[in-house]
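What follows is a short report on a single structure.
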Amino acid sequence: MATLYSRIAMTYVVILFFTYVSTGVAALGINYGQVGNNLPPPERVLELLRSLKVTKSRIYDTNPEILTAFANSNVELIVTVENDMISQLKDPQQALQWVSAHIKPYFPATRITGIQVGNEVLTDPDPTLMANLVPAMAGIHGALAQLGLDSQIQVSSPNSLAVLAQSFPPSAGTFKSEVYSVVYQYLQFLSTTESPFWINAYPYFAYKDDPSSISLDYVLFNPNPGMVDPYTKLRYDNMLYAQVDAITFAMARMGFEGIEVRVSETGWPSKGDPNEVGATLENAALYNKNLLRRQLKNEGTPLRSNMRLDVYVFALFNEDMKPGPTSERNYGLFQPDGTMAYNVGLSALSTSSSTSSASISLTSSATKGARKEYQSLVYWMFVFLLTCQILMRRQF
């Protein structure tokens with residue numbers, strides 16, 4: 001009997017161990033952009049992601065080199081249909097051809113978990129593009145169903161926060177009237193297919209546009225008084241969570257309350273033009289470091305505190321060929337040569353003499369805290385097991 005109790009106790013310890021360590025940074029992903037002429041090959045990128053213990057990434061196309069390189073890895077990949085392909089894919093037959101050529105040959109060896117149809121289509125000035133969005137999503141989902149992949153690959157489309165007419169306070173979240181009809185169709189599709197609403201949310205833009213009225217600490221996740229929504233009485237200590245909840249409220253106003261919101265892009269530029277207020281190395285490091293700490297806790301927003309918020313950081317690398325202001329080329333956590341753009345709790349360990357790439361591991365203070373919690377857990381489980389053995393010996 002003592003042996004039986006010991007085995008039960010040991011099993012409990014093992015279960016707790018795997019439950020604890022498997023949580024990790026499960027809600028964190030990184031966007032892997034490729035608009036640069038000096039980026040490392042996909043094989044090296046995969047090595048970097050593995051060394052960071054990051055198991056989720058998103059790309060902005062269906063680059064066959066990346067899909068091939070990521071095969072048989074533990075990295076979940078979200079791929080993207082470029083905007084200029086959307087009008088073609090509203091045709092079910094062309095959608096089937098696209099999925100057969102761009103998805104099926106790589107799946108399941110490459111863990112493709114999502115297809116993003118376009119990027120920020122609902123705020124694109126082309127009305128034809130917007131009108132074709134939901135038909136194209138339906139065409140791709142239908143093609144996945146025909147190939148038996150619809151239960152494993154979600155179809156959605158990331159949106160800019162500009163899709164909202166109002167976002168503050170969060171409970172006032174409302175979609176713009178000019179996109180209302182398309183948004184309704186879009187939400188119907190997400191609800192039917194149980195897919196998430198993806199949002200590109202950048203508190204940086206709000207601060208840049210009105211730095212005198214918006215607290216820098218509030219947008220950077222630094223300690224601050226926060227704000228209380230006057231209608232829900234929920235307290236927000238950072239803008240990102242407020243933006244996410246504004247989307248949730250906007251969907252509820254249209255009758256869709258059960259759709260999950262995920263962040264497809266968020267980040268902070270480490271450099272900008274003179275008129276790009278706040279685009280500094282220090283602010284970029286603070287934003288992403290504080291965001292990482294939140295993600296390590298697997299926490300949710302005030303409105304959905306029991307549902308962890310999935311976030312994809314933008315971006316993995318600085319991309320030197322991106323058009324627009326200087327900030328657009330400086331969102332990367334890393335330089336193209338694999339060195340850190342700044343320290344967000346990611347430390348280079350050692351560099352092999354035969355390669356210029358650094359081995360990277362998570363060493364944030366939050367991770368160190370997690371390790372201490374784990375060590376404490378193991379200690380007390382050992383005490384529990386030892387106590388059980390003593391009691392069993394006395395009893396028998």
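The values are calculated or read from the model by the stated rules, or taken from the named source; none is laboratory data. What you see is a predicted model, and the numbers here were worked out from it, not measured in a lab. With ideal geometry, Cβ positions are generated from the backbone for all residues, glycine too; neighbour counts draw on all protein chains shown. To get the accessible areas, we keep the full protein, side chains included, count just its heavy atoms, and leave off ligands, DNA and RNA. Shrake-Rupley method; radii C 1.70, N 1.55, O 1.52, S 1.80 Å.
Per-residue Karplus couplings for region 164-180, computed as 6.51 cos²θ - 1.76 cosθ + 1.60 with θ equal to phi - 60°, are listed in order as 8, 7, 8, 10, 9, x, x, 5, 8, x, 8, 6, 5, 5, 6, 10, 4 Hz, Gly and Pro entered as x.
Leaving ligands, DNA and RNA out of it, report the carbon-plus-sulfur percent of the accessible area of region 51-152 at a 1.4 Å probe.
Of all accessible area on region 51-152, carbon and sulfur atoms account for 50 percent.
On a per residue basis, region 201-266 carries 41 Å² of accessible surface, using protein heavy atoms and a 1.4 Å probe. Within the assembled protein chains, the solvent-accessible surface assigned to Asp84 is about 120 Å², based on a 1.4 Å probe. Accessible surface of region 168-270, 1.4 Å probe: 51 percent of it comes from carbon and sulfur atoms. Only protein heavy atoms count here; on that basis, with a 1.4 Å probe, Leu89 has an accessible area of about 0 Å².
Taking the inverse of the mean reciprocal distance over all distinct Cα pairs, the Kirkwood hydrodynamic radius of region 249-349 comes to 15.2 Å. Annotation: Lys322 carries an accessible surface of approximately 40 Å², with a 1.4 Å probe and no ligand, DNA or RNA atoms counted. Centre-to-centre separation between the Cα atoms of region 132-183 and those of region 110-126: 9 Å.
On a 26 Å Cα-Cα criterion, which of the cross-link pairs Lys104/Lys176; Lys208/Lys297; Lys297/Lys322; Lys233/Lys271; Lys208/Lys322; Lys53/Lys289 come out too long? Correct reply: Lys104/Lys176; Lys208/Lys297; Lys297/Lys322; Lys233/Lys271.
In order along region 231-248, the Karplus-derived 3J(HN,Hα) couplings, from 6.51 cos²θ - 1.76 cosθ + 1.60 at θ = phi - 60°, round to 9, 8, 6, 6, 9, 10, 9, 7, 6, 4, 5, 5, 5, 4, 5, 4, 5, 4 Hz, and Gly and Pro are given as x.
Less than 5 angstrom separates the built amide H of Ile30 from those of Lys56, Ser57, Arg58, Val313, all sequence-distant by 5 or more or on a different chain. For region 23-128, with equal point scatterers placed on the C-alpha atoms only and solvent neglected, what are the log10 I(q)/I(0) values from the Debye formula at q = 0.24 1/Å, to two decimals? Per q value, in the given order, log10 I(q)/I(0) is -1.35. Computed from backbone phi with θ = phi - 60° and the Karplus coefficients 6.51, -1.76 and 1.60, the 3J(HN,Hα) list for region 93-99 is 5, 5, 5, 5, 5, 5, 5 Hz; x is used for glycine and proline. Think of each Lys and Arg Cβ as +1 and each Asp and Glu Cβ as -1; about the Cα centre, that makes the dipole of region 14-139 roughly 560 debye. A simple count of charges around Ser327, restricted to other residues whose Cβ falls under 14 Å of its Cβ and scoring Lys, Arg +1 and Asp, Glu -1, yields -3.
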